[in-house]
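Following: one structure in structure tokens, then a few remarks.
The values are calculated or read from the model by the stated rules, or taken from the named source; none is laboratory data. Everything quoted here is computed from the prediction, not taken from an experiment. Positions of Cβ are generated from backbone atoms using ideal geometry, with glycine treated the same way; all protein chains shown enter the neighbour counts.
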Amino acid sequence: MANENFRRFRTSVKFGLLAGCSLISLSAVAQEAAPAADEEITTVTVLGSNIPRTRKEGPAPVTVIDSRTIEANGYTSVPDILRSVTQNGGQTQSQQSYGGALTTPGAAQVDLRGLGPNHTLVMINGRRVADFPMPYQGLSNFTDVSNIPVGMIEKVEVLSGSASAIYGSDAIAGVVNFQLKKKVDKTTVEYRLGTTEQGGGTDQNLSLSTGFTKDKLSVVFGLQATERDPIWGFDREIQDSRADAPTTNSRFPFRVAQRYEDDYGTDAGTDCSGMTQLAGGTVTKTTDRFDDYYCASSEAVSYGTIQSRRKAVNSYTAITYDLSDRTELFADIQLGVADTALMNDVTYWRYQLPDGSISDFYNNFSDQPEDWRRVFMPEEMGGLENGMIKNHSMTGSVTTGVKGAFGDQWRYEAALNYSTYRTRIKIPQIVAAKANAFYLGAPVDEDTFNADPAKLFTALTPAQYASISEYARTKAEATTKGVSLKFNHPEIFTLPAGPVGFAVIAEMDNQEYSVSPNAEATNFGYYYQYAATSGSGSRDHKALGVEFAVPILSTLQASLAARHDSYNFASRDIGKTTYNFGLEYRPFNSLLIRGAYGTGFRAPDLHYLYAKLDLFHPSITDYYQCRTDPAEAGLPYDECSYTDIDILKQREGDTNLKPETSKSYNYGFVWQPSRLFDISIDYFNVDMDNQINDLSLKKLLTDEADCRIGSTDSGTPVNSSSPTCQDAVSRITRDEDGEVTTVYINPINQANEKTDGIDLNFHALAPTRFGDFRLTGGYTYVFNHTSIQFEGDDEIDQLAVDSGYYIPREKMNLSLGWTFDPVAITLSGVRIGKLPNYDEDARVKAYTTYNATAIWQVTPAMKATLTINNLLDKAPVKDATWTSYPYYNSDWYDSVGRSGYVNISYSF
């Protein structure tokens, strides 16, 4: 393995050097390796340090995407910006994610290094903001990046790797900082209109930025209003029907109504004539591959949104008042409101017991056990609107304080911060008892009814549907409030090689959250196959950190940082001191050789600690039964009759979780032979211990089958007495017939997860008499990404095709721009490397999309921009094994297709 990693590293570095050398010719026109003697030298604060410095590059690589790049590449939202970041290599929930629609509707995440959104610290103006109050995948807290106004972003800074010694907990995988504009020299009004070529998704955006300075007062104000229409599954040919599925067995029509007798869909009483008007008039009587009869429609599968509907207004205000030439008061205020609507699926019903389990019932009408299944179409709901999940959210953040200078170059800042995120979610649900009574009538005896099947096969009126359905409602809120004090000095004392910089920071804050569903939603059997996530709690935090910038030689600079964080929650006190050490070596002015080593720390987040006992109703594949039942053995899992088994999954938090810790390091170089060209190559390594994670349901069931049988599906021997095997078998409850009834899952301190690889970035500018040509690119290649669930287990290779993880080994972006006043044109592309297919026995091909943007400065005051996203109308990667809707990996791809935007801005 070591030799293989070295070979990969050598190959990747060779690739980077070749890429850099091929671009050197673009920089040959410039001979400006150093600043002019009379050029003013200013200091800047770089992400990853609190000490102002004269150079923007530090010991750890920072990717910067400024407002010019955002405009040139036509990014219309923060998720668009972050998708282009090569270090953002984790699998996150898309807008058509089924689980995301239920738990975090409308929210967007960033996942540096594939270590999970909760391990990336997101800041605005260098400060923490409140988490999205609903947990990611129902598990852990994270920061939503969808509400940040793009028009007010000055730059986005991405620091990958541990930064806990500077910023504290959560910064294990890295930091993303959104620096908003603090200076506006004119008033600008912008209007953007966009739509998609294949229909749906019309997008309008109106923004205003303005400001003024009068005497000692300076004000900057920005406002952005957005309105976006949804895109529905039936709007796209590749997913508007079950006929789009890749295999014959997965193309059977979508069941709308079905009556089972003795486990078979019976022909008797299956009369679909009363339902033919549903699903746009496509419901017919048919049979599946098992000769089961049912009423179905191939098109009914497409009643879900690919892109959510969204209306939002966000504002940002920055105020400064000069008390003197060395002291100023400041306040930053961010306010936002958003309404999001999306639909993950239509609603369902089967006979459900009060404990939430699904059961057959005895029907005196036929004198035998029966199982009725019903799916409700939009015509019955009263339209698609009544099937949409609605999320009304409000965000607010206020930071105020005083900053200035005293003595000889001492600078300080004292600040108070309050940030909140409130959301109100409505999810349409079937009330199990009401639907039971509507279809089956009053019970004759326990689980015995006299039910006429004709009612099952009759379309409901909207009034009838309303009588058995209602909205499950959740109120959720997260807040962060605290105080901070910072001091820094660029030359606290002088060594022979130069001045020593110093910074100190002290913080105190409180973080709390509450997820409160309506009382019925916490009753496991009230709604059909749904119980809401709930929880509440708080924690107090204190921190003290110091930082030094130490010149060792005129060409060698060291950075030292240490910080102690302590948390108090659930009658526990946990703390950790983290440190960071970095070196910058400049043998000559155009070359920087750098490296850094740091430790990281993350306290358990609030929902991992305080989640109440929740009941979920997933459908699973019973791998053990599929592999051991003689009638099923050898069949593909999608043909096994033990698929789509409804079970109960129980989950709750654990206040005894240990904090996560990490070690990370990087080393590499930056070469800038001229102002017109630079290239950097950096190796990264992150090693995390005690990572908190929920057990994967699919992996748990796979492990149980492997452990009971003693080998994997491919025949690899498995140690049935390993910690993982003992844990997996103990968590799964089977009934007397051997069928899975309940699985218990909770967050655990996973033994270890680590990843390493390289990042390459370059920028080149070639001024010519025919205009300026600009070429920029980034490339990330992951050598290894492994994890160990319990101490003593075998290592899991998360990049392996059969690991259960969908992480690309490589990701790349490239942008080519040409500017010839008054016109600028940019062509950009993002490439996602190969991912495992659904069956995890092969990989699908890499995926590349291109965007094009043209900017025309019509007059000094007016500018017009045309953007075409997905220029080549690239469809999602085909996967012959992805037999579940939408028939592709929707966490990485979508079927939005080619879209266009026109933006007009006017300044005065």
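Quick notes on this structure:
- Checking each residue in segment 47-103 for being more than 20 Å from Ile679 (Cβ to Cβ) and of a type in the set (Val, Ile, Thr) picks out Ile51, Thr54, Ile70, Thr76, Val78, Ile81, Thr92, Thr103.
- Asp797 fulfils the conditions (1) charged (D, E, K, R); (2) surrounded by fewer than 16 Cβ atoms within 10 Å (Cβ to Cβ); (3) over 23 Å from the mean Cα position of the chain (by Cα) except for a single criterion, (3).
- Filter pass, Val176 being farther than 26 Å from Val686 by Cα and not in a loop (DSSP other than H, G, I, E, B): no
- Test: residue in segment 828-850 that is part of a strand (DSSP E or B) and more than 25 Å from Val110 (Cβ to Cβ): no
- Qualifying position, being in contact (Cβ under 8 Å) with a residue 40 or more places away in the chain, out of contact with any strand residue (DSSP E or B) (no Cβ under 6 Å at 6 or more places or on another chain), in a strand (DSSP E or B) and within 30 Å of Gln87 (Cβ to Cβ), among Ile748, Ile681, Ile692: Ile748
Residue by residue, here is whether (1) more than 38 Å from the chain's Cα centre (by Cα); (2) more than 30 Å from Thr400 (Cβ to Cβ); (3) crowded, with 19+ Cβ neighbours inside 10 Å holds:
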{"position": "Ala437", "(1), (2), (3)": "yes, yes, no"}
{"position": "Phe449", "(1), (2), (3)": "yes, yes, yes"}
{"position": "Thr458", "(1), (2), (3)": "yes, yes, no"}
{"position": "Gln464", "(1), (2), (3)": "yes, yes, no"}
{"position": "Arg473", "(1), (2), (3)": "no, yes, no"}
{"position": "Val483", "(1), (2), (3)": "no, no, no"}
{"position": "Phe487", "(1), (2), (3)": "no, no, no"}
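- Matching residues in segment 760-780 - criterion: being of a type in the set (A, V, I, L, M) and buried (at least 19 other Cβ atoms within 10 Å of the Cβ): Leu760, Ala764, Leu765, Ala766
- From the options Phe493, Phe502, residue that is without any contact (Cβ under 8 Å) to a residue 24 or more places away in the chain and touching a strand residue (DSSP E or B) at 6+ places or on another chain (Cβ under 8 Å): Phe493
- Residue in segment 122-135 that is in contact with a Ser or Thr (Cβ under 9 Å, 6 or more places away or on another chain), in contact (Cβ under 8 Å) with a residue 40 or more places away in the chain, among the β-branched types (Val, Ile, Thr) and part of a strand (DSSP E or B) present: yes
- Filter pass, Phe783 being in the same structural domain as Asp678 (by TED's automatic domain parsing), modelled with pLDDT of 95 or more, surrounded by fewer than 20 Cβ atoms within 10 Å (Cβ to Cβ) and in a strand (DSSP E or B): no
- Verdict on Thr867 being more than 20 Å from the chain's Cα centre (by Cα), in the same structural domain as Ala764 (by TED's automatic domain parsing) and part of a loop (DSSP other than H, G, I, E, B): no
- If the condition is being within 17 Å of Ser619 (Cβ to Cβ) and either out of contact with any strand residue (DSSP E or B) (no Cβ under 8 Å at 6 or more places or on another chain) or surrounded by fewer than 21 Cβ atoms within 10 Å (Cβ to Cβ) (or both), then segment 373-384 contributes only Arg373.
- Filtered residue count, segment 205-228, keeping only those that are touching a strand residue (DSSP E or B) at 6+ places or on another chain (Cβ under 6 Å) and of a type in the set (Asp, Glu): 1
- Qualifying residue in segment 101-116 (condition: of a type in the set (Ser, Thr, Tyr), more than 26 Å from Arg774 (Cα to Cα), touching a Ser or Thr at 6+ places or on another chain (Cβ under 8 Å) and part of a helix (DSSP H, G or I)): yes
- Taking the listed residues Val219, Val158, Val189, the one that is out of contact with any Phe, Trp or Tyr (no Cβ under 8 Å at 6 or more places or on another chain), at pLDDT 90 or above and part of a strand (DSSP E or B) is Val158, with no other qualifying.
- Selection of first residues in segment 634-647 that are under 17 Å from Pro618 (Cα atoms) and of a type in the set (D, E, K, R) and of second residues that are crowded, with 16+ Cβ neighbours inside 10 Å and modelled with pLDDT of 85 or more, restricted to Cβ pairs under 6 Å at least 6 apart or on distinct chains, gives the following pairs, ordered by first then second residue: Asp638/Thr883; Asp646/Ile358.
- The one condition in (1) farther than 30 Å from Lys542 by Cβ; (2) in contact (Cβ under 8 Å) with a residue 60 or more places away in the chain that Lys183 fails to fulfil: (2)
- Test: Leu676 is farther than 30 Å from Glu57 by Cβ and surrounded by 15 or more Cβ atoms within 10 Å (Cβ to Cβ): no
- Only one entry in Gly194, Gly168, Gly200 is farther than 30 Å from Phe684 by Cβ, touching a residue at least 24 places away in the same chain (Cβ under 8 Å) and out of contact with any helix residue (DSSP H, G or I) (no Cβ under 9 Å at 6 or more places or on another chain), namely Gly194.
- Where Ser218 falls short, out of the listed (1) surrounded by fewer than 20 Cβ atoms within 10 Å (Cβ to Cβ); (2) among the small types (Gly, Ala, Ser); (3) within 25 Å of the chain's Cα centre (by Cα): (3)
- Scanning segment 656-677 for residues that are more than 23 Å from Gly89 (Cβ to Cβ), out of contact with any Leu (no Cβ under 7 Å at 6 or more places or on another chain) and either of a type in the set (A, V, I, L, M) or assigned to a strand (DSSP E or B) (or both) turns up Gln672, Pro673, Ser674.
- Segments classed as strands (runs of 3 or more DSSP E), wholly inside segment 534-650, with at least 3 members that are within 30 Å of Ile172 (Cβ to Cβ): 535-553, 556-569, 572-588, 591-602
- Leading residue by the ranking (surrounded by the most Cβ atoms within 10 Å (Cβ to Cβ)) among those in segment 303-361 that are among the acidic types (Asp, Glu) and in a strand (DSSP E or B): Asp332
- Residue pairs meeting the criteria (Cβ under 6 Å; at least 6 apart or on separate chains; first in contact (Cβ under 8 Å) with a residue 12 or more places away in the chain, in segment 219-237; second in a strand (DSSP E or B) and of a type in the set (Gly, Ala, Ser)): Val219/Gly211; Val220/Gly211; Val220/Ala318; Gly222/Ser209; Leu223/Ser315; Gln224/Ser207; Thr226/Ala312
- Filtered residue count, segment 743-765, keeping only those that are charged (D, E, K, R) and under 30 Å from Thr733 (Cα atoms): 1
- Looking across segment 839-886, the residues that are among the aliphatic types (A, V, I, L, M) and within 19 Å of Gly201 (Cβ to Cβ) come down to Ala852, Leu866, Ile868, Leu871, Leu872, Ala875.
- From Ala300, Ala279, Ala296, residue being in contact with a Pro (Cβ under 9 Å, 6 or more places away or on another chain) and either within 30 Å of Ala415 (Cβ to Cβ) or part of a strand (DSSP E or B) (or both): Ala296
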